[in-house]
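See below for the structure under consideration.
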Amino acid sequence: MVKLSSKYKKHNLQFIQPGSTSRGVLTSKDSWYLMIWDTDQPDYMGIGECSIIPGLSIDDRVDFENKLLEVVADINNFKYWLKEGLREFPAIRFGLETALLDLNMQSDRILFPSDFTLGQKGININGLVWMGSYNFMRKQIIEKIDQGFRCIKLKIGAIDFDDELKLLKMIRKDFNAEELELRVDANGAFTEGEALEKLKRLSEFSIHSIEQPIKQKQIEQMAELCQLSPLAIALDEELIGVTDKQNIRTILHTIRPDFIILKPGLLGGFKQSEVFINEAEKLGIKWWVTSALEGNIGLNAIAQWTYTLNNPMPQGLGTGKLFSNNIPSPLLIDNAQLFYKPNKYWNLNYINHD
């Protein structure tokens with residue numbers, strides 16, 4: 001019988017420029033790298049990333065690291081941890097699932113072999129534009145278009161709404177909906193009373209969809225908004241913390257959004273994300289995948305899994321360049337696609353250095 005050993009290493013990821021959303025500004029965030037190996041054959045180590053977004057992750061809590069210590073101490077009981085022991089700690093479950101997949105493959109961070117990991121195919125991704133002043137956001141938009149992006153996602157809800165509409169008007173003056181897809185993400189910034197009117201004003205600019213216009217856990221209000229909105233609505237934060245299949249089914253059936261957004265690190269891993277996909281597809285709800293500010297260890301795992309799902313929509317996987325001290329990896333963005341370059345190597349100094 002294989003006997004496993006485990007440890008973890010904390011890594012504070014530093015943003016190259018502050019990341020602003022309607023929830024606040026991030027200048028850094030923590031990740032924990034969970035490492036697992038066969039005690040009798042320690043030459044290969046599986047690595048997973050447990051990533052927390054302050055104020056959003058349900059496991060952003062004081063006992064997070066204590067729970068991680070529990071998992072490490074009882075790593076040979078991983079089936080329990082994956083099935084039920086980490087329901088309240090989706091980031092750890094995602095990291096554990098990833099590390100075990102990595103260990104099982106023993107092939108230098110190749111978890112889901114495909115044309116993507118061979119470097120033959122890329123994944124279409126959207127360009128992310130962070131909140132800030134009008135001029136700051138305008139500069140980002142121009143840069144993304146110049147870089148070849150034909151799907152741009154704008155964070156909205158933190159600056160003056162009229163300024164945000166001016167940005168959209170500026171874009172649409174030069175690029176119609178066939179030339180450039182626009183997604184917006186409110187991160188729950190709109191109040192229930194103002195949401196519908198704002199959605200009507202946004203709809204003047206041929207917006208593809210809006211993520212989470214109002215705060216989560218307002219099920220009936222969100223359902224009504226989905227019925228009345230002239231814009232397609234995508235659920236994001238609404239899915240976090242929902243673990244039971246029946247609850248997933250009830251929320252999707254009640255709200256009936258146009259899209260759901262899957263963040264494996266916030267939902268509890270790939271198997272849990274696939275439950276959401278299966279239930280959504282039964283109702284004709286479309287979906288795409290987004291990373292949740294993981295470093296390259298987590299992003300790599302999510303990207304490889306995403307490729308296997310054969311979803312042609314632009315995915316939200318362009319976060320690898322956000323951090324100044326990210327793990328150097330074979331991931332590369334080129335002409336609005338994410339690629340894995342097998343001829344490039346992982347540099348795990350941040351993880352291996354004690």
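Derivation of every value follows stated rules applied to the coordinates shown; laboratory data play no part. All values reported here derive from a predicted model rather than from experimental measurement. Cβ: placed from backbone, ideal geometry, glycine included. Neighbour counts: every protein chain shown.
Brief remarks on what is shown
- In terms of overall dimensions, the C-alpha atoms belonging to segment 4-105 reach 47, 28, 20 Å along their principal axes, ordered largest to smallest.
- Radius 14 Å from Cβ of Lys121, net charge of other residues (Lys, Arg +1; Asp, Glu -1): -1
- Footprinting exposure proxy for Arg87, Arg93, Arg150 (fewest neighbouring C-beta atoms within 10 Å first): Arg87, Arg150, Arg93
- Anisotropy class of segment 204-354 from Cα gyration tensor, a/c 1.5 cut: prolate
- Hz values of 3J(HN,Hα) by residue in segment 137-148 - Karplus curve (6.51, -1.76, 1.60), Gly and Pro given as x: 5, 4, 4, 4, 4, 4, 4, 5, 5, 5, 7, x
- Counting only DSSP beta bridges with both residues in the chain, the antiparallel share comes to about 60 percent.
- Those residues of segment 234-274 whose amide nitrogen sits under 19 Å from the label point placed on Glu88, 7 Å along Cα→Cβ: 240-245, 266-269
- Maximal additional length on extending the Thr39-Thr191 stretch stands at 49.4 nm, based on 0.36 nm per residue less the C-alpha distance.
- Whole-Hz ³J(HN,Hα) from phi, Karplus 6.51 cos²θ - 1.76 cosθ + 1.60, for segment 225-230, glycine and proline x: 4, 5, 6, 9, 5, x
- Computed about the Cα centre, the dipole magnitude for segment 258-354 is approximately 140 debye when only Lys and Arg (+1) and Asp and Glu (-1) carry charge, each at its Cβ.
- Rounded to the nearest 20 debye, the dipole magnitude of the chain is 380 debye, with +1 charges on Lys and Arg beta carbons, -1 on Asp and Glu beta carbons, and the Cα centre as origin.
- Packing, taken as the mean count of other beta carbons within 10 Å per residue, orders the peptides 174-181, 100-107, 294-301, 214-221 from highest to lowest as 294-301, 100-107, 214-221, 174-181.
- A value for Cα extents along the principal axes in Å was derived from the coordinates, and within the list (i) 63, 43, 35; (ii) 78, 56, 36; (iii) 56, 53, 47 it appears as (i).
- Gain on full extension, evaluated as 0.36 nm per residue between Asp162 and Leu309 minus their Cα-Cα distance, stands at 49.1 nm.
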